[in-house]
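The values are calculated or read from the model by the stated rules, or taken from the named source; none is laboratory data. Bear in mind that the values here come from a model prediction, so they are computed numbers and not experimental data. Please note: Cβ atoms are built from the backbone with ideal geometry, for glycine as well, and neighbour counts cover all protein chains shown.
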Amino acid sequence: MKSRRNWVIVAITLFLIASLAACAAPVAVPDRDIQVDVDTALAAQAKINDLMMGGVDWSESEFSSLLTVLLDQNSGDANPVDSVKVWFEPGNQVFAQVALVDGVLPATFGGNTLDLAGVLSVDAGQLKLMLDGASVGGFGVDGSMLAPINDQINAALAGLGGLPISVETSEGSVSVGMGM
């Protein structure tokens, strides 16, 4: 229930911010197909043991599938998210597209998809995403207005466990190194 409420708050916040800050450029996610399904999520979950043994590499489809399935399992029938797709680019650049279930956002919002862009890093032993842009329905948001969305994402990343000491992205994958 709390997870559903958080996603609804994020979605509503993003729209309200976008309505007030329409001058920012919309986020353009990469044009690569990402498969999101349970089998791929299970393959990604199997790699979590590698994370505790020093590090893990996930493809975009594995990471996206794992996030989508975990969100679905933890939110139940009230889950407002249909799927999450994450693209990785060199330089720790990350793009995400959050597809919401029909009816979460009114039709006047211009779409049911949130597009996000940012940089992934390790800060004080925590994996963190610093968003530098977001958009919904063609309206872009940037700057300090992204703080509420950023806080929600980083709270989820903090639950990864362990002590991340490094993160590196390349086109199509992410590598997370862990320390003791």
Worksheet item: Of the residues Pro90, Pro80, which single one is over 19 Å from Ala158 (Cα atoms) and surrounded by fewer than 20 Cβ atoms within 10 Å (Cβ to Cβ)?
Response: Pro90
Discussion item. Suppose the filter is out of contact with any His (no Cβ under 6 Å at 6 or more places or on another chain) and within 22 Å of Ile165 (Cβ to Cβ); does Leu100 pass it?
Written reply: no
Worksheet item: Applying the selection to segment 1-55, what residues are modelled with pLDDT of 60 or more, outside any helix (DSSP H, G or I) and over 18 Å from the mean Cα position of the chain (by Cα)?
Response: Ala24, Ala25, Lys47, Met53, Gly54, Gly55
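Given the residues Leu120, Leu157, Leu70, Leu114, which is the only one that is part of a strand (DSSP E or B) and either over 20 Å from Arg32 (Cα atoms) or modelled with pLDDT of 90 or more (or both)?
Numbers: Leu157 fails: part of a strand (DSSP E or B); Leu70 fails: part of a strand (DSSP E or B); Leu114 fails: either over 20 Å from Arg32 (Cα atoms) or modelled with pLDDT of 90 or more (or both).
On inspection, the qualifying residue turns out to be Leu120.
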Fill in: Residues of segment 48-71 satisfying the condition of being under 12 Å from Val176 (Cβ atoms) and in contact with a Leu (Cβ under 9 Å, 6 or more places away or on another chain)
Ile48, Leu51, Trp58
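In this structure, is Gly133 in a strand (DSSP E or B) and more than 13 Å from the chain's Cα centre (by Cα)?
On the way: in a strand (DSSP E or B): yes; more than 13 Å from the chain's Cα centre (by Cα): no.
Against the criterion (in a strand (DSSP E or B) and more than 13 Å from the chain's Cα centre (by Cα)), Gly133 does not qualify.
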